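> So that we are looking at the same thing, I have put the structure below in structure tokens.
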Amino acid sequence: FSTTGLTLTSSSVVNRGLLTATGSNAFLRLVNSTVSNADGEILASGPDAAVRFEPDTNLIGGKLTANSGGAIKVNGATVSAESVDTASGGRVELTSGVLRAATLTTDGIGTDDVIQHGGRLEVLDFDGNFQQEGGTYAPGPSTAVSTLSGVYVLGAGGTFEAELAGEELGEFDQLLVG
């Protein structure tokens with residue numbers, strides 16, 4: 001399914017294919033909706049195209065992709081994806097809510113590939129550049145080892161959260177940056 005402009009409110013969506021907002025200023029906006037993205041991909045592609053996860057929306061599984069100037073935007077939603085990818089000027093913006101992913105990969109061209117203004121970001125393997133202006137960044141599930149390869153800019157309004165449950169490996173969070 002491809003759209004240049006669609007808002008889904010109080011909807012249940014099962015995506016096992018490709019759901020796209022494609023073209024200049026195209027958008028897919030999800031409000032108060034549940035999205036099962038098990039084997040699917042959701043894509044924002046084109047200058048200022050956006051997939052917007054807005055208040056009270058829950059996404060579970062699959063892949064999120066932003067490319068060619070498109071954006072994945074999380075504002076008040078809970079988004080739990082297997083992977084999040086950006087390329088060719090694509091970006092991820094987290095304003096509020098929660099974004100969880102096993103992997104988040106960017107093209108690493110600019111420091112604004114992923115911008116966090118607020119909310120909570122949990123990523124195990126982060127490959128790219130990350131600008132945290134606000135909100136909380138945590139490695140992921142309890143006592144996790146998270147890798148971040150790229151530039152990590154922690155602004156004055158941002159918080160890095162680590163769990164400390166003991167002195168032995170596996171009893172505390174680790175962030176490996178390089």
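Here, each number is a calculation from the coordinates, and none is a lab measurement. The model shown is predicted, which means the values in this text are computed figures rather than measured ones. With ideal geometry, Cβ positions are generated from the backbone for all residues, glycine too; neighbour counts draw on all protein chains shown.
> Given the alpha-carbon gyration tensor of segment 13-63, what are the semi-axes of its equivalent ellipsoid in whole angstrom, ordered largest first, with each equal to the square root of 5 times an eigenvalue?
Details: eigenvalues 68, 38, 8 Å².
Here the semi-axes work out to 18, 14, 7 Å.
> Let me see the P(r) profile for the chain: every Cα-Cα distance counted, bins of 10 Å, each bin given as a percent of all pairs.
P(r) over the chain, rounded to whole percents: 11, 40, 34, 12, 2, 0.
> Same structure, new question: At a 10 angstrom cut-off on C-beta neighbours, averaged per residue, how do the peptides 71-77, 139-145, 168-174 rank from highest to lowest?
71-77, 139-145, 168-174
> For segment 117-178 and segment 1-53, compute the distance between their C-alpha centroids and round to whole Å.
28 Å
> Over segment 1-141, what is the mean sequence separation of C-alpha contacts under 8 Å (at least six apart), divided by residue count, expressed as relative contact order in percent?
15 percent
> Please tell me the relative contact order of segment 70-157 in percent, rounded to the nearest whole number, where contacts are Cα pairs under 8 Å and at least six residues apart.
Computed value for segment 70-157: 23 percent relative contact order.
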